[in-house]
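Colleague: Structure in structure tokens, see below.
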Amino acid sequence: MSSFGEYIKNKRLELDLSLRKFCELVGLDPSNWSKIERGKLPAPEDREKLDQIATVLKIKKGSKNWQQLFDLASIAKKKIPDYVYKDKDVISALPVFFRTAHGDKPTEEELQKIIDLLKGR
């Protein structure tokens, strides 16, 4: 999976948009945006700015690419996406996920809960 900056840069280049032209269309500073594309700065916090970026990149609202853009932005900001908080089953599975990511082995019951949760999606 690519980073937010790599993802945006690839989409921008697919449309043959220069960095300067892209920044002009979105109202961003090219110098700062270059740092975002290189992973030196995180994604913008502003939801409206992310919507504008998606529009300029011709990413259809609600599409897989739309979701990926916003997921990558959340990851770049080291935040859990808002939609995760709306699903209490997913929230209840996060502590097990975090412990597992930290190196602790989940119980069979905890593992089965996560598998069932993922299958239901």
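Derivation of every value follows stated rules applied to the coordinates shown; laboratory data play no part. Quantities reported herein were computed from a predicted structural model and do not represent experimental measurements. Heads up, the Cβs are rebuilt from the backbone with ideal geometry, glycines too, and the neighbour counts pull from every protein chain shown.
Colleague: Give me the percent relative contact order of the range 4-79, please, defined on Cα pairs under 8 angstrom at least 6 residues apart.
Modeller: That works out to 37 percent.
Colleague: On to the next question. Rank the residues Ser34, Ser18 as a footprinting-exposure proxy: fewest other Cβ atoms within 10 Å of their Cβ go first.
Modeller: Ascending number of Cβ neighbours within 10 Å: Ser18, Ser34.
Colleague: Classify the chain as rounded, prolate or oblate from the Cα gyration tensor: take a ≥ b ≥ c as the square roots of its eigenvalues, call it rounded if a/c is under 1.5, otherwise prolate when a/b beats b/c and oblate if not.
Modeller: prolate
Colleague: Roughly how big is the range 4-79's charge dipole about its Cα centre, with Cβ charges of +1 (Lys, Arg) and -1 (Asp, Glu), in debye to the nearest 20?
Modeller: Charge dipole, the range 4-79, about its Cα centre: 180 debye, nearest 20.
Colleague: Right, next: Applying the Karplus parametrisation 6.51 cos²θ - 1.76 cosθ + 1.60 with θ = phi - 60° to the phi angles of the range 69-80, what ³J(HN,Hα) value in whole Hz is obtained for each residue in order, glycine and proline being reported as x?
Modeller: 4, 6, 5, 5, 5, 4, 4, 4, 8, 6, 10, 7
Colleague: State whether the range 1-57 is rounded, prolate or oblate according to the following rule on the C-alpha gyration tensor (a ≥ b ≥ c being the square roots of its eigenvalues): a/c under 1.5 gives rounded; otherwise a/b larger than b/c gives prolate, and the remaining case gives oblate.
Modeller: The shape class here is rounded.
Colleague: Let me ask something else. So what is the 222 nm mean residue ellipticity for the chain from helices alone, if each DSSP H run of at least 4 adds -39500 (n - 2.57) and you divide by all residues, rounding to the nearest 500 deg cm²/dmol?
Modeller: So the calculated ellipticity at 222 nm is -19500 deg cm²/dmol.
Colleague: Next up: Just want the answer: with Cβ charges of +1 for Lys and Arg and -1 for Asp and Glu, which residue in Phe70, Leu94, Leu15 is farthest toward the dipole's positive end in the chain?
Modeller: So the residue we want is Leu15.
Colleague: How would you rank Ser74, Ser2, going from fewest to most other Cβ atoms within 10 Å of each one's own Cβ?
Modeller: Least to most surrounded, the residues fall as Ser2, Ser74.
Colleague: What are the ³J(HN,Hα) couplings of the range 12-21, residue after residue, when phi is run through the Karplus curve with 6.51, -1.76, 1.60 and θ = phi - 60°? Round to Hz, x for glycine and proline.
Modeller: In residue order, the calculated couplings are 4, 5, 4, 8, 6, 9, 5, 4, 5, 5 Hz.
Colleague: Evaluate the distance, in nm, between pseudo-label points positioned 7 Å from the Cα of Leu94 and of Gln52 along their respective Cα→Cβ axes.
Modeller: 2.9 nm
Colleague: Using the Karplus curve 6.51 cos²θ - 1.76 cosθ + 1.60 with θ = phi - 60°, what ³J(HN,Hα) values do you get for each residue of the range 92-106, in whole Hz, with x for Gly and Pro?
Modeller: Listing the rounded values in order: 5, 8, 4, x, 5, 4, 4, 4, 5, 5, 7, x, 7, 7, x Hz.
Colleague: Taking the Cβ of each residue in Arg38, Arg12 as the centre, tally the other Cβ atoms inside 10 Å and list the residues starting with the fewest.
Modeller: Neighbour counts put them in this order, fewest first: Arg38, Arg12.
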